[in-house]
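Beneath this line is the structure, given in structure tokens, with notes to follow.
Please treat every number below as a calculation from the coordinates, not as lab data. All values reported here derive from a predicted model rather than from experimental measurement. Note that each Cβ is placed from the backbone with ideal geometry, even for glycine, and that neighbours are counted across all protein chains shown.
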């Protein structure tokens, strides 16, 4: 997890830069705030990749929204978030994110393949729920 340590350290440094909240500047020490935000998004995204590699889905699910807050259409963050939701058995949540991702990037093969698997899981889950409901009303 050496990479995650470095990405985390970089984020701590970036997030410690004091920026006026009431009237945010366009630049900090000659660097545009927009560039700093892009760098933060990239570091959060890379950190999420590290945690996803180690199947720490809960951490991935806390990091990806931070990326998406800075870059709402970040395909990689959306994909990581969908995979993490699938890893926590939130198949419907994963399905929703993958559909949004494919709306933004219809040619994304990884997302398309993952959606096929998630659709199967959603169908299985719905079948189990329907079977339980049917049993409840049988005599």
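Things to note:
- Projecting label points 7 angstrom from Cα along Cα→Cβ for residue 73 and residue 53 puts them 2.9 nm apart.
- Fully extending the segment from residue 117 to residue 62 would add 17.4 nm, taking 0.36 nm per residue of separation and subtracting the current Cα-Cα distance.
- With a Förster radius of 41 Å applied to the beta-carbon distance between residue 32 and residue 129, the computed FRET efficiency rounds to 0.25.
- Hydrodynamic radius of region 1-73 per Kirkwood, over alpha carbon pairs, in Å: 13.0 Å
- Both radii come from the Cα set of region 20-114: Rg as radius of gyration, Rh as Kirkwood radius; their ratio Rg/Rh reads 1.06.
- Rounded tilt (10° steps) of 109-136 against the dominant C-alpha axis of the chain: 40 degrees
- Pairs of Cα atoms nearer than 8 Å and 6+ residues apart set the relative contact order; for the chain it is 16 percent.
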